[in-house]
Amino acid sequence: MPPSANSDYRILNSINGGFVVLDQDARVTTWNAWMATASGISADDARRKTLSELFPGADLRRVMLAVQSALATNTSTIITHALNPSLFPLLTRSQRTLLHDVTVSPIEDGRGLECLIHITDVTMATRREKYLREQQNARYDAVVESAPDVILTIDEEGVVQLANPAAAAQFGFSAADLVGRSAASLFDSKDAWAEVWRQAIAEDAIAQQREVTARRKDGTISYLEASGSRWSSGSRIFVTVILRDINERRAAEVALRRSEGNARAAAQALAELNLTLEQRVKDRTDQLMKAEEALRQGQKMEAIGQLTGGIAHDFNNLLQGITGALNLLQKRIAAGRISETERFITGAVESAQRAAALTHRLLAFSRQQPIDPRPVDENNLIASVEELLRRTIGETIQLRFAPAADLWLVRCDANQLENAVLNLSINARDAMPTGGVLTIETSNQTLSSSDAKAWDVKPGDYVMLRVKDTGAGMPREVQARAFDPFFTTKAIGKGTGLGLSMIYGFVRQSEGAVRIFSEVGKGSSIEICLPRFHGDLEVASSAQDDGDNRTEKGEVVLVVEDEAVVRLLVVEVLKELGYYPLEAVDGASALRILGSSQRIDLLITDLGLPDINGRAVADEALTRRKNLPVLFMTGYAAQAAGDAFLADGMEIITKPFTMEVLAARVRDIIATVPARTGARTRSAGSQIL
Amino acid sequence: MNSPSTLLNALELDALTELVNLGVSNAALSLREMVREEVVLTVPKVAVLGRDEAISILAKNENKRLVAVHQVFEGDITGRALLIFPEARSLELVRAVVGGELPLEEIMELEQEALAETGNVLLNGCLGTIANNLERSLKISLPEVIHGQGEEFFSLNPPPQAGDSVLFIYINFAVRHRDIEGYIAMLLDMPSLETLKVMVSNYIRRIAGEQAITSNAP
């Protein structure tokens, strides 16, 4: 050792710390006593060597860098044990590892740059720190590391500085990934988180827990309850936040809300359904009725087709009967065999009558038949068809007739009423295939306003006609439709379904009503009420009366008819009756006769003439022959109805008519001629409506 | 009083910037040795500012609390060097340097040492290289870690004279996927700055030759 530095060296060797000086080649020039003890290398052994030579195997890179820096650029460097746990291999006096810090500084002492290395023993301090830290860690670990809740420590800037294992599990990031992240970036519910943060930073105590929504690394949502508190370390402020997992609780709440929502929605749907139910029922019903109507229409068309076919068939037969009989008659007469002609004539007439009846019914059905209302005694009427009834209903069914005494009169078309009774009886018979009782009753009844309402007529006096059977009865649905045209419960061919509808039409036209009273298994009662007629029943010749058709006065009757057969027949009848007939084939020729001075007591003319309408002929005739009675003939009854058509002195008869009817009408007209004053008077049996 | 910006012209500032970059890259090498990881240091900007201006720049940072590693240098130029960055980032820096998944407490414990050593290496790198290239020797002290605000840093004893200028270096520190921005501030009194100016022009002359000087004659 250089002697001049003796005092320096004494100090150097007393100092509690290592002092090493290196020359510019980084070789040891000074090695103090402390260093010798700690390293186990004497000063003499150390001198002139590099540190690497003295401590092979030690990691002295940082030290050497610092040495270079000191020698080259005059810089001082500090190398701490904390960051560099193993530098020099040094031992304490008790042979334990000596923990040390190192500083490297330049020295300039006139001899050039040298480097001073100062080594400080930090063993005690380090151990104490280590102990404290372990203590702290133990306490800390017990709570934080094992806590089920997320614990985050966040610095003032909002950056996560610490995350416990629960945090890693919750967020899906490793604890290391979480550290350094902005805490706010972990949460979806930015406002809720901001509030937690604000409260924690501002106050020391935990305020209230708030719900926050976090987003995990995999993107899924997690519901947490947050509470935070602030603490400081030195000048630093931290916030520790504890987050509790409430996902299960949330899920339960959501499920409950959802089921409540479902229940509410179901109730609402039900209420709506109820509201619309009526409407939908109505709509459906409308639909059904339309469909029914369409079906009925179709059925009707079909029925009409059947009907017209049937009618044509019937007519053919009847015509056949007529023409056949006439043919044979012709032959017989030609052969001079007059004795057998009666049979054929009867046959032909019967056929014609049946045909007339059929046409009559059809026209009545189509409501184009001008009804011929007269005062009628229903009891008489029923009595007159009793024979026919008995024959029609057969022997298995008992017929009871219960007429009321002093029955009021009614005013109606007798023919139609007869037909009604016949029809109802036939229906009753069909309802009792194994026999039963058919009762026909009549009675007087005064209908109060409430009764009349039930019947759908005006209050007043009425005559009731009841046709009762002990048959199968009608169910409600059948009753409801019984009066519908073409409605029938009978098999095809057994009924056209027109009967009851015709009765309905006739009765209504007569200002009456018809009702069905029936119960399945108990039988039916069809009841007709017709208004009482307050006038007298004048005993008049019925249409069937054969007697007294002749007249003795030889009146002149002009017959205008383009159809030869009809004209022929009419003329024959007139001759039979003792009148003097004149004929005209058309309007023009008729007018010629009418324009002449020929006496004419009655004009009988067809309405539908080829050239001029029969009415026009009559009008023209009346201009010259003011009181000339006129009898119109018509096969098409459409024009028949209505007073407006017929003026005074004009009457009408519809084809087909029997000769008796014609004769009766002619007689009546001519008989009343002198009584006529120009205004129409009513005479028995010839009323026109 | 001359405004600082006129004391160093554009060329001189460029030259100084170059020197700083050189120093910083040397520091990066040393740091790499320390952290055993890739370290990238970049210097986006170098400026010469007045003290007040420097303070206001530091105060712009919303978090006004700063931490600094402080070293003193003496020699032909005398002054202080400070590595400054926001206190909130200091723990980031520590983590970057020590690596691993140390718990917060340990990080905080190591903070002082880590900052000291890191700052030490960085400042040594800068100052040492600058001094070396300017062919001057400076005596540079050991580092000290201080917390505070800009004003405090620039009012350390002995108090600076009015009009003292600050060589303000913006520095970016990237290691272990962590990016930390800070500043190095060298506080120089007027005479030292003038001396620095001379040193820099000599350096320029030395490197660029006569032409650069004549074309930039003030």
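Bear in mind these aren't lab numbers, they're just calculated from the coordinates by the rules spelled out. No experiment lies behind these values; they were computed from the predicted model shown. No Cβ is skipped: glycine too gets one built from the backbone with ideal geometry, and neighbour counts run over all protein chains shown.
Points to keep in mind about this one:
- Lys, Arg +1 and Asp, Glu -1 on Cβ, resulting dipole of the range A:20-75 about Cα centre, debye, nearest 20: 100
- Label-to-label distance, residue A:647 versus residue A:562, with points set 7 angstrom from Cα along the beta-carbon direction: 2.3 nm.
- Applying 1/(1 + (r/R0)^6) with R0 = 41 Å to the Cβ-Cβ distance of residue A:52 and residue A:188 gives a FRET efficiency near 0.10.
- Dipole magnitude of the protein assembly as shown, debye to nearest 20 (Cβ charges: Lys/Arg +1, Asp/Glu -1, about Cα centre): 2180
- Taking amide H as placed 1.01 Å from N in the peptide plane, residue A:173 has its amide H under 5 Å from the amide H of A:217, each at least 5 places away in sequence or on another chain.
- Residue order for A:115, A:529, fewest other beta carbons within 10 angstrom first, comes to A:115, A:529.
- Between the range A:220-271 and the range A:382-454, the alpha-carbon centres lie 89 Å apart.
- Largest first, the three principal axis extents of the alpha carbons in the protein assembly as shown are 202, 71, 57 Å in whole numbers.
- Descending semi-axes in Å of the range A:39-147, equivalent ellipsoid built from Cα gyration tensor: 35, 17, 12
- Top positive-direction residue, dipole computed over the protein assembly as shown with Cβ charges, set A:503, A:399, A:67: A:399
- Scattering from the range B:14-91 was approximated by placing one identical point on each alpha carbon and applying the Debye formula without solvent; log10 I(q)/I(0) at 0.20, 0.23 1/Å stands at -1.28, -1.42.
- Backbone N atoms of the range A:170-187 closer than 18 Å to the 7 Å Cα→Cβ label point of residue B:177 belong to residues A:171-183, A:185-186.
- Each Cα pair under 8 Å and six or more residues apart adds its separation to the average, and for chain A the resulting relative contact order is 6 percent.
- Spin-label proximity, residue A:169 to the range A:233-259 - amide N less than 12 Å from point 7 Å beyond Cα toward beta carbon: A:245
- DSSP beta bridges fully contained in chain A are about 75 percent antiparallel.
- Degrees, to the nearest 10: B:190-208 long Cα axis against longest axis of chain B: 80
- Cβ-based charge dipole, chain B, positive-most Cα from B:69, B:110, B:171: B:171
- Per-selection Rg to Rh, the range A:155-239 - Cα, Kirkwood hydrodynamic radius: 0.95
- Approximating the spin labels as points 7 Å out from Cα along Cα→Cβ, the residue A:339-to-residue B:37 distance works out to 15.3 nm.
- FRET E, pair residue A:135, residue B:52, Förster distance 35 Å, beta-carbon r, rounded to 0.05: 0.15
- Two-site label geometry, residue A:209 and residue A:271: point separation in nm, points 7 Å out along Cα→Cβ: 3.7
- Dipole-positive endmost among B:94, A:241, A:360 within the protein assembly as shown (Cβ charges, Cα centre): A:360
- Qualifying trypsin sites (Lys or Arg not before Pro) in the range A:370-467, where qualification requires a DSSP coil assignment and no more than 10 other C-beta atoms within 10 Å, are lacking entirely.
- In the structure shown, the pairs A:282/A:468; B:45/B:139; A:575/A:626; B:139/B:197; A:453/A:522 are assessed against 30 Å; a Cα-Cα span above that value is assigned to A:282/A:468.
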